[in-house]
């Protein structure tokens, strides 16, 4: 179980959304309300686009609530697009290489959920990763393998479609190995320009996921903060759990749905339909 | 807010009491029930007597639930007397030098609670520490200062009496500085032979603290574990929260009470009465 | 033993000076040439001025050479004024609160060297710290106490003069306690506008310290880097050890000397003369 | 580059060999003399046999010289058989799952050296690991893969033979991928009863490795230490670098040689001859 959030809009100091809001992601690290576990204290990570080439990634094995460096960065880094993730480990070790977001080039990836029976499936899934990407897997989480599968299946060309193939492939592999209810997920992806999010579970209710409804909503989030009063229609938030100081303005992303957030505050929804096409997986060695 | 436990009895593998019991101290690090906060994830520490000279101390800034080394040590260290502490920081940094137990020579010290207004009182209290001990304070917690005050007031001669003087002195200093409800505490102390525990608050209800009632109780703790079936009357536990697989066998230590546990399973209770005697504090420089 | 560097000039990506130069500070963490020890692997810290209010401080107990977050930050943070420090602990614990720079408000402070007999002097020095600052000392290094003494002696009004009083006071205290050769130091200080550096030892040769000679020198540092070809006369570096790809362009700061670097590339030198004036220390309680 | 040591003999406090000797393994973490790098500060690990079931493993990302917990454990754990390893990372992250020793059941494994072109070979080597072991690989080092290959090739039946097959297989894979000088290694292995060590390089001089010559030698190591005066002929040390307070008593293990140390001080040498037998690798999926 984990929690994550993403911002796409005008440049903001990251602390505005991490610390200066009620029930933000750092509070969710200690007191999550809608997750399987209240505590997400097994490390965290933050990826942002801004100064310098490509996204920056800061990852730590400290709980988010206790890391003084996170407070420093949040108070001194401004970004128009960032993702933050707090982790509750399910079996895999607490180490920076297991913290989200994962990155390749301009791409960032976060995940809340799990691949069921990952111990059983891990080898199958890793073999399906493009051999040229194999050596870039440094940790031992399911998520890092999912990300490299998605890259293998074309994430850089069409993220949602690649994730549909990835999930389809995982479900197919799981079925062959007798693993039920293979995928439980909310995913977040960005290339530095656009933000994609997916809410999906093979069986049952997927992890909670919300989008901010519109600019007026976000403006009301901080009525006394002049920065937020200047919000334009460009600004959107995707969150595992709503910030509590803004009741009523969050729209739940439906199950089996992908959303695309583009600059200009555009939010598009489409069904998320996993599929496994043998022919579309030329790199599969089995 | 913190939680702690202590064992004095026959030698046991530490994991028996940390991991192989229900709602043991490691579970309390994630899901405390009787504390001010459910999460005690800001580091932990363990001190034990056994092989080698004096007590060993292992301290880590990882949450207890996530530290693989703690599992290793617990599974491979056997001790007749040990104290374990999980920490919830209140303001002071998460660093090993702020983790309990604190140690001097054969003495170990743990604390659940706080000194109110410690920012205001810290200088007064540190000045009252024996100058010869001053340089041994490496962290920034209230507890480490309390321990060095208790050493200054004679902990090594009479622990309970020294803690009464320490608490009395702190209450007197707090009164002078206008700090109310100065001390909130359960303390645990050992010299490797005897175990002392104190439950006390200047005002209101002190932190929870329990002692195991008698040997039969502890035996029932692990009906299927041959090790525990061999328990003798020598074995005693002091815990912030009862282990849940043994309902009804814990005796709450009354408020304002000190207990002494001696080898042979002896458990003595006496009132804990803080006092400030100017004349008994020759080392006070102000 | 430690090593540090400071930049005051036009905004640069921090990595230009930490990683993209030969024998920069990160290389000095592993292979220092002019220090008492080649290895400075006991944590590091970086403070920078830029986005957000006041300076940011990032500190880590990892060796600088091994911390992936440092590479990330260096590649994605741009600053016109920053200080970086790599630490070799002498006795005090490896913890973030012992890493430099130390901060108060807009002020940053780094130190290479030591206070001799700090165990003996620590209490005397801490008692001389303004009581209102006392609770802000979170670690156990000599440097943090020196910084708070300097604040007590007027750092915020006149940094060099305050450091002269601080060193004078320490030397006086050391003499009373029979400690010889009390201070060994290069100090770096900034308020976000100006940069001050001091090179001084009570006895013997002080730690190495260099300033970049002039703008042409810095330009030659990176002949192929267009960013550096655009350098103006505003740019100055202060370093414990010269970057090796620019032999001959560093000027050693003389012993017992303070330098002031102002915007515009101004570099002023003056003698550094410790003095202890009883009358100027109204806050001393002894 | 790394350094390691192993002890097989009578039970000793681990600190005797880690801290209370000249140029022991902890000193080698800071000042190695015979390695490719003087600094081995990228984590360390220690595995020992004694109390509890199977070996204990303590691993830390702190440099060995700076970890207070290592001093504590070394001073309070006694063992007749232990291995310690200090790491210098070559590319792979500094995380506990990359620290040696690696373990499976009663088996411990350490390695000084590298697999050349591991990025290129990693996928091939991981595919050759027994699928039932695949999910136990948690880190990203070459060594962990080598260990799981050796388990696949029969380490638990015949460690030296399995390592010969493992190295032969790696050399064969490397040849197919155009990687030269594939294996550079000293290996240490134990099952809790016997200790095996290998010194080998595909090309050039392998990493340094020494065995203590005989009991008199070890006795002379600590002439004033009554513990060592009681040494019997059971005691043997294997070390990457000789302890410096015992010049002349170390025998270099020849290149391309395996040694077996058995209880009773028995030290046997045999040639180490890598071989690749297609027929002996039924689990290879390629």
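Would you mind pulling out the separation of the Cα centroids of the stretch C:1-57 and the stretch D:76-120, in Å?
31 Å
Nearest 10 degrees is fine. How inclined is helix C:159-176 to the longest principal axis of chain C, computing both from alpha carbons?
In chain C, helix C:159-176 runs at an angle near 40 degrees to the longest axis.
Return P(r) of the stretch B:13-156 (all Cα-Cα pairs; 10 Å bins starting at 0; whole %; ordered from short to long distances).
All Cα pairs, binned at 10 Å, distribute as 12, 40, 34, 14, 1 percent.
Based on other C-beta atoms within 10 Å, arrange B:49, D:58 from fewest to most.
B:49, D:58
Between chain A and chain D, with a rotation axis joining them, whose C-beta in A is nearest that axis, and what is the whole-Å distance?
A:95, 2
Simple spin-label model, 7 Å along Cα-to-Cβ: residue B:104 to residue C:130 in nm?
3.2 nm
Between the label point of residue B:233 and that of the same position in each other copy, find the distances and list them shortest first in nm, with every label point placed 7 Å from Cα along the Cα-to-C-beta direction.
Relative to the other copies, residue B:233 has label-point distances of 5.2, 8.4, 9.2 nm.
Starting from the Cα gyration tensor of chain B, take the square roots of the eigenvalues, sort them a ≥ b ≥ c, and report rounded, prolate or oblate (rounded when a/c is under 1.5, otherwise prolate if a/b is larger than b/c, else oblate).
Values: a/c = 1.68, a/b = 1.55, b/c = 1.08.
Prolate is the answer for chain B, as a/c is 1.5 or above and a/b outweighs b/c.
Give the average, rounded to an integer, of partner chain Cβ atoms located within 10 angstrom of each Cβ in A:147-160. List each step's numbers first, then the result.
Values: counts 0, 0, 0, 0, 0, 0, 0, 0, 0, 0, 0, 0, 0, 0.
That works out to 0 on average.
In what sequence do D:155, C:127 fall when counting other Cβ within 10 Å, fewest first? Let's see the in-between values first.
Numbers: D:155 24, C:127 21.
Least crowded to most crowded, the residues run C:127, D:155.
Between copies, how close do the residue D:31 label points come, placed 7 Å along Cα→Cβ, listed in nm from shortest?
Once sorted, the set of distances for residue D:31 reads 2.0, 5.2, 5.3 nm.
Counting only C-alpha contacts under 8 Å and six or more residues apart, can you give the relative contact order of chain C as a whole percent? Kindly include the intermediate steps, with their values, before the conclusion.
Details: 658 pairs, mean separation 59.9, N = 286.
RCO, chain C: 21 percent.
For residue C:262, go 7 angstrom from Cα along the Cα-to-Cβ vector, then report the distances to that same point in the other copies in nm, smallest first.
For residue C:262, the other copies' label points sit at 5.4, 7.6, 8.2 nm, shortest first.
Could I have the simple spin-label model distance between residue D:214 and residue A:193, label points 7 Å from Cα toward Cβ, reported in nm to one decimal?
With each label point 7 Å from Cα toward Cβ, the separation is 7.7 nm.
Compute the convex hull volume of the Cα atoms of the stretch B:1-89, divide it by the residue count, and report the result per residue in Å³ as a whole number.
With only Cα atoms used, the stretch B:1-89 gives 86 Å³ per residue.
Which percent of Cα pairs goes in each bin when the distances of the stretch D:117-192 are cut into 5 angstrom slices starting at zero?
Computed distribution, short to long bins: 3, 16, 30, 26, 18, 6, 1, 0.
So if each residue of separation counts as 0.36 nm, and I subtract the Cα-Cα distance between residue B:203 and residue B:156, what length gain in nm does that give?
Details: separation 47, 0.36 × 47 = 16.92 nm, distance 2.76 nm.
Additional length available on full extension: 14.2 nm.
Could you state the angle between the C-alpha long axis of helix D:142-152 and the longest principal axis of the C-alpha atoms of chain D, as a value from 0 to 90 degrees rounded to the nearest 10?
80 degrees
By the gyration tensor of its Cα atoms, with a ≥ b ≥ c the square roots of the eigenvalues, what is the shape of the protein assembly as shown: rounded for a/c under 1.5, prolate for a/b over b/c, or oblate?
Working: a/c = 1.19, a/b = 1.07, b/c = 1.10.
Here the protein assembly as shown falls in the rounded category.
Going by how many other beta carbons lie within 10 Å of each one, how would you line up C:5, D:126, fewest first? The partial results should precede the final answer.
On the way: C:5 26, D:126 19.
Ordered from fewest to most neighbouring Cβ atoms within 10 Å, C:5, D:126 come out as D:126, C:5.
Can you give me the relative contact order of the stretch D:30-167 as a percent, contacts being Cα pairs under 8 Å and 6 or more apart?
Values: 200 pairs, mean separation 27.3, N = 138.
In percent, rounded to a whole number, it is 20.
For a Förster distance of 35 Å, can you work out the FRET efficiency between the beta-carbons of residue D:22 and residue C:36, rounded to the nearest 0.05? Intermediate results must be reported in sequence, preceding the final value.
Numbers: r = 20 Å, r/R0 = 0.58.
Efficiency, from the Cβ-Cβ distance: 0.95.
Over chain D, with a Gaussian network built from C-alpha contacts below 10 Å, which listed residue (D:211, D:89, D:180) shows the highest mean-square fluctuation?
Looking only at D:211, D:89, D:180, the biggest GNM fluctuation is shown by D:180.
Rounded to the nearest 10 degrees, what's the angle between the helix C:118-128 long axis and the longest principal axis of chain C, both from Cα atoms, 0 to 90?
The angle comes out near 80 degrees.
Divide by every residue of the protein assembly as shown the summed helix terms, -39500 (n - 2.57) for each DSSP H run of at least 4, and state the resulting mean residue ellipticity at 222 nm, rounded to the nearest 500 deg cm²/dmol. Intermediate results must be reported in sequence, preceding the final value.
Values: 36 runs with 303 residues, N = 1144.
The helix contribution divided over the protein assembly as shown gives -7500 deg cm²/dmol.
Which shape class, rounded, prolate or oblate, goes with the stretch A:99-139 when its Cα gyration tensor gives a ≥ b ≥ c as root eigenvalues, a/c under 1.5 marks rounded, and past that a/b bigger than b/c marks prolate? The partial results should precede the final answer.
Details: a/c = 2.47, a/b = 1.17, b/c = 2.11.
Oblate, because a/c is 1.5 or more while a/b does not exceed b/c.
Values quoted throughout were computed directly from the atomic coordinates according to the rules given, and no laboratory measurement underlies them. Just so it is clear, the structure is predicted and the values come from calculations on it, not from any experiment. All Cβ positions, glycine included, derive from the backbone under ideal geometry; neighbour counts span all protein chains shown.
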